[in-house]
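Chemist: Could you have a look at this structure, given as structure tokens, before my questions?
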Amino acid sequence: MTRADQVNKFRTSKIELLAPAGDYEALKAAVENGADAVYFGGKLFNARASASNFEGEELKKAVNYARDRLVKVYVTVNVLVADSEFPELKDFLYELSSLGVDAIIVQDIGVAHLIRQVLPNMKIHASTQMTINNSFGLRQLEEMGFSRVVLARETTREEIEKMAAQSKLELEIFGHGALCICYSGQCLMSSYIGARSGNRGRCAQPCRMAYKLVDSKGRDVLSGLKPGDHLLSPKDLNLSEYLAEVQRLGISSLKLEGRMKRAEYVATVVRIYRQALDALYDGRIGLSAQDKYELTQIFNRDFTTGYFQGYQGAGMMSFKRPNNRGTMLGRILEIKPGRLLLKLENKLNIGDGLEIWTRRGREGITVQRMYNSAGRAIDSAAPGETAAIEFKGSARKGDRVFKTHDQELIAKAKLSYQEGQEKRKRALDMVLSGRIGTKLRLEADDGEHKVFAESETMAQEALNKPLTYTYLWQQLARLGNTPFTLAELKLEIPENIMLPVSEINNMRRQLVSQLLDKARAKNSPGLIDYEEYQKRLTQWQQKVETKAFRQATASENLKPQLTVAVSDIRSIPLLVKSGADRIIIGGEHWRFRPQLTLKDLQEAVQFCQKQGTPLLWRLPRIMNEEQSKKIFAQLSQVCTWSPRPAIMTANLAGIQMIKSLDPQWEWETDYYFNVFNQGALHWVRTVGAQRVALSTELSKEQLPKLSAPNIVELLVFGDMEMMVSEFCLVGATLGSGREKVQSSDLFRKKCSWVCHGREYFLQDRLSYRFPLATDRECRMHIFNARKLNLITELNKIAEIGLRNIRLELPRATENQAGETVKIFKDLWTEAAAGKMISEQKTQAALHKLECLYPEGFTKGHFHRGVLA
């Protein structure tokens with residue numbers, strides 16, 4: 001079957017409804033309300049470390065509960081994993097394999113590499129943290145053995161359609177819930193600010209905080225517009241009314257976000273999407289007005305379709321508040337001592353939670369007592385009615401009142417997964433056969449397996465109470481909390497037969513146990529024994545260490561190298577003169593720089609070759625479907641050059657492009673690639689990387705494990721980019737991009753480029769200013785307020801065994817870049833040679849850097865690392 005045939009099949013196939021489960025109660029809520037699959041994490045190794053999550057017996061219980069009800073289970077291992085954690089990870093992976101989970105969701109390429117080598121039958125899904133948004137990335141995932149990819153949330157429906165036509169992978173997209181403003185897997189804002197890394201499941205959500213957009217003089221450029229304070233806070237995604245389009249595109253799975261949400265939220269959202277999908281398959285109208293209300297009421301920051309329909313500009317954002325808005329209840333008609341009089345637009349019950357939007361802020365209350373217009377106490381009031389509630393805060397006539405908690409809706413949700421009230425059952429057909437003087441035989445068939453049990457004693461002739469159909473149904477249908485329900489019962493016994501009720505119940509219990517055992521055994525068809533697993537792990541570890549380290553020559557024989565990355569091609573001659581051993585040019589197509597043409601690049605390559613200084617062409621960090629094709633066309637031309645530059649890539653798509661053009665072309669990975677452990681380093685080297693830039697989230701304690709002298713490179717100075725986003729704050733608030741548009745192309749044609757020629761910063765509540773920059777694809781980039789500077793740590797870096805360091809200077813002036821190279825070249829030459837740099841010399845160098853970069857410095861994660 002061709003991919004086109006597969007897509008056509010998908011377009012009429014049912015979409016998997018994939019639900020979140022942050023704890024066991026939420027798991028039950030998801031299953032009982034119609035999820036086809038659930039995803040959750042263990043206590044470690046997952047991107048929602050603050051959720052309750054699962055371990056030990058509860059993990060087994062959760063997997064069995066879902067699988068026994070024919071619901072698939074995907075477990076998240078969607079973080080970067082440190083080398084010190086791999087022993088525990090290996091045990092966890094074997095546990096998941098033993099339990100028969102359907103797939104593991106992965107971010108770390110080292111983890112994916114491990115699973116493919118030691119558990120080849122285990123399916124792996126590429127997390128959205130892998131930042132896959134083009135066909136080249138999909139092809140690379142296929143080669144790596146992935147079966148599914150969770151596409152970047154920024155992928156549009158037009159892009160999805162093109163990608164679906166070219167890939168055999170199952171495609172999964174987010175359909176509902178919270179949105180990240182940054183590309184997932186590329187956000188380091190929480191990490192750099194507070195050591196709480198999103199790549200380690202600890203994101204502190206700085207995008208939901210309050211900021212000002214200021215210019216270089218600190219003036220608030222939005223003060224007159226007053227859009228709100230939460231300039232990076234998106235609305236919540238909601239594709240409930242676009243499910244037919246999702247199906248047409250060939251999407252395999254629709255994921256609902258919410259592992260940090262309560263079970264009542266999961267129950268409500270899953271139920272409504274289940275109903276909407278079933279309506280789609282039956283050709284009925286999707287959401288009712290009540291469905292839309294409940295979907296909004298349970299939680300919303302207002303809704304958006306995200307990037308699914310194209311760029312939305314400010315229409316995608318929730319500038320005024322970063323948390324639940326609730327639903328509009330009405331306005332205050334009158335204020336009396338101790339009471340508010342409301343004209344209701346919605347139903348109101350005792351126990352509901354309200355929020356009053358006053359001029360001073362928001363007042364939250366729970367409705368304890370309520371009165372009608374006649375002053376009589378009531379429990380409920382309908383839309384259109386007037387109700388008085390007790391209130392002791394500060395408010396004014398005309399203030400808006402929102403309902404943020406609907407007691408009736410919460411009770412409805414809880415009832416759906418209440419213990420003992422489970423409705424998600426598998427139908428059982430039973431047959432009871434036998435005759436007097438023999439053992440009775442009870443058979444059961446659940447559609448997949450047939451089992452039987454026999455009575456321990458012989459059946460006898462009934463003297464008073466023979467076994468009747470009604471009596472036997474009552475006993476055999478007592479399936480309690482099991483995942484079964486009796487659908488049909490056939491009797492092949494004489495009318496005057498008798499067997500003790502304890503025997504009948506015992507046979508029923510045996511059948512249930514056998515069916516569960518068979519189903520669970522079927523879930524783990526390729527399970528290997530633990531001894532074989534340990535053997536494979538040992539072999540893998542030996543390969544990893546051999547490839548990454550034993551091919552490296554003795555560090556004292558290696559020439560130390562200083563690489564500098566810049567974005568202004570005009571600075572190359574000065575960098576060579578200043579002593580740079582290697583130069584990286586390119587990357588994002590910055591709007592603050594002249595556009596880099598292939599002619600410029602070729603001239604730079606030729607110049608650097610004559611000077612004996614290698615030049616690398618850096619590919620963009622983010623490439624959507626259209627941009628990736630343009631980059632590939634450029635690579636196709638550059639591939640024919642002699643000499644030609646080595647290539648630096650920050651993503652899997654870049655690797656696929658290079659390999660498809662010329663497997664012998666030299667290439668390296670950028671630090672955005674998130675190489676965080678030996679497994680990742682081994683995989684990258686195995687597929688052909690000449691050098692690897694290590695993750696900036698590694699600490700000095702973690703670096704020795706990765707200190708292959710001639711292979712790895714460490715960033716020691718420069719710009720620390722924290723976010724890259726398709727959303728452009730400057731254009732959305734100050735430019736023509738303020739208007740909501742349906743097409744990203746239309747937006748970019750309309751954009752007035754207000755970002756050009758002027759500096760902008762995000763200023764937080766502590767008055768730190770984070771520089772903003774935009775590229776020619778209208779993406780927004782946010783940098784740390786301070787530059788990374790490890791000038792005082794060069795001796796320690798050399799002791800670790802590293803020989804290659806990098807300066808990251810895309811925003812530096814030509815003079816700044818040249819002087820910085822000189823400063824580091826001098827000290828690094830000494831440190832790498834094993835000489836101790838004097839404190840006086842170090843402080844002199846530090847002083848020079850402080851004069852060049854008055855904004856200040858940070859040592860990043862070199863000492864503190866990220867929180868585990």
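The values are calculated or read from the model by the stated rules, or taken from the named source; none is laboratory data. On a predicted model such as this, the values are computed, not experimentally measured, just so you know. In this analysis, Cβ positions are derived from the backbone assuming ideal geometry, glycine residues included, and neighbour counts consider all displayed protein chains. These area figures cover heavy atoms from the full protein model, side chains too; ligands, DNA and RNA do not enter into them. Shrake-Rupley method; radii C 1.70, N 1.55, O 1.52, S 1.80 Å.
Chemist: Relative to the Cα centre, what is the charge dipole magnitude of the chain, using +1 at the beta carbon of each Lys and Arg, -1 at the beta carbon of each Asp and Glu, and rounding to the nearest 20 debye? Walk me through the numbers on the way to the answer.
Modeler: Working: 122 positive and 102 negative charges, 429 e Å.
It comes to approximately 2060 debye.
Chemist: Taking the Cα-to-Cβ direction at GLU839 and at MET458 and moving 7 Å from each Cα, how far apart do the two end points lie in nm?
Modeler: Placing both labels 7 Å beyond Cα along the Cβ direction yields 10.0 nm.
Chemist: Follow-up question, since we're still on this one. Are there any trypsin sites (Lys or Arg not before Pro) in the range 291-387 that are in a DSSP loop and have at most 12 other Cβ atoms within 10 Å? List them by number.
Modeler: When the trypsin sites (Lys or Arg not before Pro) of the range 291-387 are filtered for loop state and at most 12 Cβ neighbours within 10 Å, ARG359, ARG360, ARG369, ARG376 remain.
Chemist: Right, something else. How much accessible area per residue does the range 338-447 have, counting only protein heavy atoms and a probe of 1.4 Å, in square angstrom? Working shown, then result.
Modeler: Details: 5870 Å² over 110 residues.
That works out to 53 Å² per residue.
Chemist: Can you give me the relative contact order of the chain as a percent, contacts being Cα pairs under 8 Å and 6 or more apart?
Modeler: Across the chain, relative contact order equals 14 percent.
Chemist: Can you tell me how much longer the chain between ASP429 and GLU532 gets when fully stretched, taken as 0.36 nm per residue apart minus their C-alpha distance, in nm with one decimal?
Modeler: The ASP429-GLU532 span can extend by a further 33.1 nm.
Chemist: Provide the net charge surrounding LEU515, with neighbours chosen by a C-beta distance below 13 Å and charges set as Lys +1, Arg +1, Asp -1, Glu -1.
Modeler: For residues surrounding LEU515, the net value is +3.
Chemist: Please identify every one of the chymotrypsin sites (Phe, Trp or Tyr not before Pro) in the range 639-730 that sits in a loop by DSSP and has no more than 11 other beta carbons within 10 Å of its own beta carbon. Could you put the intermediate results ahead of the total?
Modeler: Details: sites: TRP641, TRP665, TRP667, TYR671, TYR672, PHE673, PHE676, TRP683, PHE717, PHE727; in loops: TRP641, TRP665, PHE676, PHE727.
For chymotrypsin sites (Phe, Trp or Tyr not before Pro) across the range 639-730 that sit outside H, G, I, E and B with at most 11 neighbouring Cβ atoms in 10 Å, the list is empty.
Chemist: Here are several values of Rg and Dmax of the Cα atoms in Å: [x] 30.6, 122; [y] 34.7, 107; [z] 31.3, 109. Which one was derived from the coordinates shown?
Modeler: Recomputing Rg and Dmax of the Cα atoms in Å here gives the entry labelled [z].
Chemist: While we're on this one: For a quick check of understanding: with a 1.4 angstrom probe and all protein chains in place, what accessible area in square angstrom does LEU598 have, to the nearest ten?
Modeler: 40 Å²
Chemist: Continuing with the same structure: Quick one: which of 73-81, 799-807 comes out on top by average Cβ neighbours within 10 Å, and what's the full order, highest first? Walk me through the intermediate numbers first.
Modeler: Working: 73-81: 25.8, 799-807: 21.9.
In decreasing order of mean packing, 73-81, 799-807 become 73-81, 799-807.
Chemist: Order TYR533, TYR281 by their accessible area, 1.4 angstrom probe, all chains in place, largest first. Kindly include the intermediate steps, with their values, before the conclusion.
Modeler: Numbers: TYR533 0, TYR281 55 Å².
Heavy-atom accessible area, descending, gives TYR281, TYR533.
Chemist: Let me ask you something else. Would you mind getting the accessible area per residue of the range 73-159, heavy atoms of the protein chains only, 1.4 Å probe, in Å²?
Modeler: Values: 2060 Å² over 87 residues.
Using a 1.4 Å probe on heavy atoms only, each residue of the range 73-159 averages 24 Å².
Chemist: Using a 1.4 angstrom probe and counting only protein chains, how large is the accessible area of SER50 in Å², to 10?
Modeler: Answer for SER50: close to 70 Å² accessible.
Chemist: A follow-up question, please. Ignoring ligands, DNA and RNA, what accessible area per residue does the range 593-696 give at 1.4 Å, in Å²? It would help to have the intermediate numbers written out before the result.
Modeler: On the way: 3700 Å² over 104 residues.
Per-residue accessible area for the range 593-696 comes out at 36 Å².
Chemist: Tell me the relative contact order for the range 118-203 as a rounded percent, counting alpha carbon contacts under 8 Å between residues six or more apart.
Modeler: That works out to 28 percent.
Chemist: Of all the accessible heavy-atom surface of the chain, with the other protein chains kept in place and a 1.4 Å probe, what percent is carbon and sulfur?
Modeler: Whole-percent figure for carbon plus sulfur exposure: 48.
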